[in-house]
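Worksheet for the structure shown next.
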Amino acid sequence: GYRGLNGINLNTWLATQRGKYYHWADGCLSVEQIERLEKIGMRWDCHQSKWDEMYALAKMHFEEKGSVLIPERYVTPNGEKLGAWLERQRKKRASGSLSAEQIGKLDKLGMCWDPFQEQFEKAFAEALLYFEKVGDLEVPATFETESGFKLGYWISNLRSSYKQGKLTADVIDRLESIGMLWSATDNPIQTSYAEQVLFFYLKKFFP
């Protein structure tokens, strides 16, 4: 641990002061000592102190990138596992072990408690931009947008999920509203691709 100028292990000393504060170590702290320690930023709950440190890193990331939606494996430049920490906060909220104050602070960073939903919204926005520019979503499986988003791969996965009945009616409607066409083999009357395109635009302008 960190040692001061006189060789004292500061981590051990701070732990001792916390022990005295909570009365599980020999001795006790006077009111004056408590006030002096608090004036220099003493945190009696070391777990809360660590939470605040990680929150500060999350806030810094948010201010730099505009979002805290990061992979669980993401590690900050100084070696802190920020992605894993954020994932733990989601699990703690789900189990009811995250305080209202902590939830509120994370909400200020735009914390997405359901990362899968936010990822879908971002992907949908990319698909919408492409549809508005080109007029359809018929792209090769390897196609990437100018921003580097793998739109072709995303659409291919959606079609696979559609065939397996894994998409909700709301998701299907939203995708069809931006030109999504499912495989012709899924249609009981075996319409061609050209007929599907024609049907899409007829339905759009003449509902």
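The values are calculated or read from the model by the stated rules, or taken from the named source; none is laboratory data. Keep in mind that this is a model prediction, so the values were computed, not measured. FYI the Cβ positions are ideal-geometry reconstructions off the backbone, even for glycines, and counts take in every protein chain you see. To get the accessible areas, we keep the full protein, side chains included, count just its heavy atoms, and leave off ligands, DNA and RNA. Shrake-Rupley method; radii C 1.70, N 1.55, O 1.52, S 1.80 Å.
Once Rg/Rh (Cα atoms, Kirkwood Rh) is worked out from the coordinates, which option in (1) 1.22; (2) 1.03; (3) 0.97 does it equal?
Entry (1).
Determine the alpha carbon to alpha carbon distance for each of 20/81; 20/50; 105/133; 91/163 and list only those over 29 Å.
Exceeds cut-off: 20/81; 105/133; 91/163.
In the chain, which whole DSSP H runs stretch at least 20 Å along their own axis (Cα) and average -1.0 or higher on the Kyte-Doolittle scale?
Within the chain the helices that satisfy the rule are 115-134.
Roughly how many percent of the accessible protein surface of the chain is carbon and sulfur, given a 1.4 Å probe and a whole-percent answer?
It is 56 percent, rounded to a whole number.
What is the Cα centroid distance between segment 31-92 and segment 138-154, reported in whole angstrom?
So the separation of the two Cα centres works out to 36 Å.
Using alpha-carbon pairs under 8 Å, 6+ residues apart, how would you state the relative contact order of the chain in percent?
That works out to 9 percent.
Roughly how many Å² is the accessible area per residue of the chain, as a whole number, for a 1.4 Å probe?
I get 68 Å² per residue for this part.
Can you give the FRET efficiency for residue 134 and residue 49, using 1/(1 + (r/R0)^6), R0 = 41 Å, r = Cβ-Cβ distance, to the nearest 0.05?
0.20
For the pair residue 125 and residue 97, what calculated FRET efficiency results from E = 1/(1 + (r/R0)^6), where r is the Cβ-Cβ distance and R0 = 30 Å, to the nearest 0.05?
Once rounded, the FRET efficiency stands at 0.35.
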